[in-house]
Amino acid sequence: MLHSGVPATPGPRVIVSIILPVHNAEQWLDECLQSVLQQDFEGTMELSIFNDASKDKSMTIIEKWKVKLEGSGILVVIGGHDSPSPRGVGYSKNQAIAQSSGSYLCFLDSDDVMMPQRVRLQHEAAVQHPTSIIGCQVRRDPPNSTERYTRWINQLASNQLLTQVFTSHGPTVIMPTWFCSRAWFSHVGPFDEGGQGVPEDLLFFYENLRKGGGIFRVDHSLLLYRYHLHAATHSVLETTIWTHRVHFLEEQALPRWASFTIWNAGKQGRRLYRSLTAASQHKVVAFCDVDENKIRKGFYCYEDTQERPKPRIPILHFRAAQPPFVICVKLDLTGGEFEDNLRSLHLQEGQDFLHFS
């Protein structure tokens, strides 16, 4: 009961809300929540947790940490449901965002650990880049679990954060490192709530780009990014991702080119060709490769096409082929040979070629 004449003072305005969806995360939560407590950010922070039908001890751990976190000035908001089955990551993130109040959103997965300076450094970047998704570099645990992927995440140049958005690796800054303003999230979002098997992060990432959003990476390792078999990522089928990627390539990149060459006359290159719409297939003037056997064949004929006569696409040595190229060769796998071949052509990424694999 307030004494008459004494106005109620609202609490300090929340600057950053940490968005934490939780589903059966008891194994990781102590370390994850400890890392929230250890942030060196000096503004007001809030932790918004949404419990997606956990059946383990997650809620007991969260209640214990709520006391510690609030004792140190971090507000804690907890929502959730206890239906028989979870509703998925997209739904949980949307709910956690809806119940939070910060001007900025810092995404965190319950199996990851933030470095103490994460919120501070990403908040500084988000103030400078108000219509961007802000990411950061990561340290993988176990360290050797996805070496090529981790190298790719950490070493992309700033212009490649935009040019390499079509590759099989997915978003060029990974979801557990995302940080953005609430206003920008509301403009782009919300997340797709299709549940298991839906790449809600990739769909949001593409929508961010469609709406003119930027991508920025803080070049410090600010997150311990765990790899384990129970991660939600594993529920998304490769064919689902492939379909979204081809569609995004056709929507965002191919309209700029009157014709193009597919670099790789093997399985991946042919698969891309078969996945394209008829209009995009007509723009493919050649395949190119280094494999003499493929080049000797002279052409690729797509047997399943309805067209008569069936188109015969020439297969050329890469030096005889014309850019622009859509490259379906996996990076970092040929001991540098492919990368040397590409460099020897002195082309500009994003303008003369795009990586698809």
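What the table below lists for this structure:
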| quantity | calculated |
| --- | --- |
| Highest average packing first - 107-115, 161-169, 72-80, Cβ atoms within 10 Å | 107-115, 161-169, 72-80 |
| Out-of-range pairs (alpha-carbon distance over 31 Å; input LYS64/LYS93; LYS283/LYS330; LYS68/LYS93; LYS211/LYS283; LYS64/LYS211) | LYS64/LYS211 |
| Farthest toward positive dipole pole in the chain [+1 Lys/Arg, -1 Asp/Glu at C-beta], among SER181, ILE134, LEU161 | LEU161 |
| Shape call, region 16-237: gyration tensor on alpha carbons, a/c limit 1.5 | rounded |
| Cα-centred dipole magnitude for the chain, charges only on beta-carbon of K, R (+1) and D, E (-1), debye, nearest 20 | 920 |
| Interchain or long-range residues, amide H under 5 Å from GLY80's placed H | ASN51 |
| Positive-end extreme of charge dipole, the chain - chosen from VAL284, ILE327, GLY73 (charges on Cβ) | VAL284 |
| Folded to 0 to 90 degrees: helix 58-71 orientation relative to the chain principal axis, Cα | 60 |
| Antiparallel bridges, percent of DSSP beta bridges restricted to the chain (to nearest 5) | 20 |
| Principal-axis tilt of helix 238-252 within the chain, Cα atoms, nearest 10 degrees | 80 |
| C-alpha long axis of helix 118-128 to longest principal axis of the chain, angle in ° | 70 |
| C-alpha center-to-center spacing [region 114-159, region 290-354] in angstrom | 32 |
| Set of lysines near LYS297 by C-alpha distance (under 19 Å), chain-local residues within fewer than 8 positions excluded | LYS267, LYS310 |
| Given charges at Cβ of Lys, Arg, Asp, Glu: the chain dipole, positive-most of ALA98, PHE216, GLY350 | GLY350 |
| Stretchable slack from ASP30 to ARG296, in nm (0.36 nm times residue separation minus alpha-carbon distance) | 89.8 nm |
| Over region 253-355, equivalent-ellipsoid semi-axes from the Cα gyration tensor in Å | 22, 16, 12 |
| The chain - mean residue ellipticity at 222 nm from DSSP helices (-39,500 (n - 2.57) per run, n ≥ 4, rounded to 500) | -9500 deg cm²/dmol |
| Distance (nanometres) between label positions extended 7 Å along Cα→Cβ at GLN38 and GLU339 | 3.2 |
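Just so you know, all these numbers are worked out from the coordinates, no wet-lab data involved. No experiment lies behind these values; they were computed from the predicted model shown. Backbone-built Cβ (ideal geometry, glycine too); neighbour counts: all protein chains shown.
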